[in-house]
Amino acid sequence: MAAVREPREEAAVGEGEGEEEVRWGGLLPELVEEVVRRVEASGGERWPARKDLVSCACVCRRWREAAAAVVRPLPESGRITFPSSLKQPGPKDFPIQCFVKRNKKKSMFYLYLGLLNGTMDKGKFLMAARRFRRGPHTEYVISLDADDLSQGSNAYVGKLRSDFWGTNFKIYDNQPPYDDAKTSSTRSSQRFGSTHRFGSRRICPQISAGNFNVGQISYKYNLLKSRGPRRMFCTMECPSTQETWENSLKTKSLRCTGTTVLRNKAPRWHEHLQCWCLNFHGRVTVASVKNFQLVATADPSHPDSVGDEETVILQFGKVDSNIFTMDYRQPLSAFQAFAICLSSFGTKLACE
């Protein structure tokens, strides 16, 4: 697959260009904010024009602070702008429409933001994942850079890890979801040095990285084997809706926001078509056992969980042999939604 690597729009001004940074940073903060505000107003509401806002934030620290003050976070604006948006919850009233491209030969998966209402547009690259076999486990390493999927890279976002049967998964974030969160003790867990440059593609540069468990996914045994739908259950530590990109640039307190419990929406049997059906509102066009919709459900073991059987939090489905749509909303982030969708790929020995 050609040209999947995201352009390095976030490259920061180097330390050797001090004079240039001083010249641009010497402008009045009010003037800089007005420039950024006009850039956003002049067609910068959607990609690819939105990259001009990222360019403004890359000029120097003062411009970065101005961009953080002007650009509203994803839960409020409904727009993905900076890398930190991928760890913020989606909007509440409508889903963010994305799609996933699969490369079977390379065991690669690419997540794109849909730019048009259709399902076949070029899209804005967001994240990539690669499947690795590690002993009895399978891991999907998720990165901001399709050409660099090392866990020691600044582009590393997190990973998904399965058990031997492929029916139970854990999602690991490279950033702690809240204060005092314990890092995973898996063999690949490690801590990386933080950086203060905006050029780093790290989601939150000033927080030390590791592998923190932020979610679990389980597939239940299906008595009908491959002739029936899979049953999914997810338990997620979701990000706070109060999180902003401006806050993510600072050392701050992270609080636990509670547990979200999701399950797949039960399909109905269509007598005429002789198959299980769900209403994907035109976003899914090919029948597949991978197709699903997740809704929030109340779980007695998690008193803080809230049920809502009507609102679809995440839906995933096939539109071509290697193209799948992924639509998510609050309380999930793009990273969590992508990880859940990755779990649908691969053989599930106990379910199939």
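The values are calculated or read from the model by the stated rules, or taken from the named source; none is laboratory data. As the structure is a computational prediction, the values presented were derived from the model and not from experiment. All Cβ positions, even for glycine, are placed from backbone atoms using ideal geometry, and neighbour counts span all protein chains on display. Calculation scope for accessible area: heavy atoms of the full protein, side chains included, ligands and nucleic acids excluded. Shrake-Rupley method; radii C 1.70, N 1.55, O 1.52, S 1.80 Å.
Things worth noting here:
- Computed with a 1.4 Å probe over protein heavy atoms only, the accessible surface of segment 29-71 comes to 50 Å² per residue.
- Average accessible surface area per residue within segment 78-179, 1.4 Å rolling probe, Å²: 39
- Part-to-part distance (alpha-carbon centres) for segment 77-101 and segment 45-59, which is given in Å: 16
- Close amide-amide hydrogen proximity is noted between LEU314 and LEU294, each under 5 Å apart and 5 or more residues distant or on a separate chain (H modeled in the peptide plane; Pro and chain starts excluded).
- Whole-percent carbon and sulfur share, accessible surface of segment 29-71, 1.4 Å: 50
- The phi-based Karplus calculation (6.51 cos²θ - 1.76 cosθ + 1.60; θ = phi - 60°) puts the 3J(HN,Hα) values of segment 278-285 at 9, 8, 9, 6, x, 8, 10, 10 Hz, whole numbers, x for Gly and Pro.
- Pairs with C-alpha atoms separated by more than 18 Å, drawn from the list LYS104/LYS290; LYS92/LYS159; LYS122/LYS159; LYS220/LYS318, are LYS92/LYS159; LYS122/LYS159; LYS220/LYS318.
- Working ranking of peptides 123-131, 143-151 by packing, defined as the average number of other Cβ atoms within 10 Å per residue, highest first, is 123-131, 143-151.
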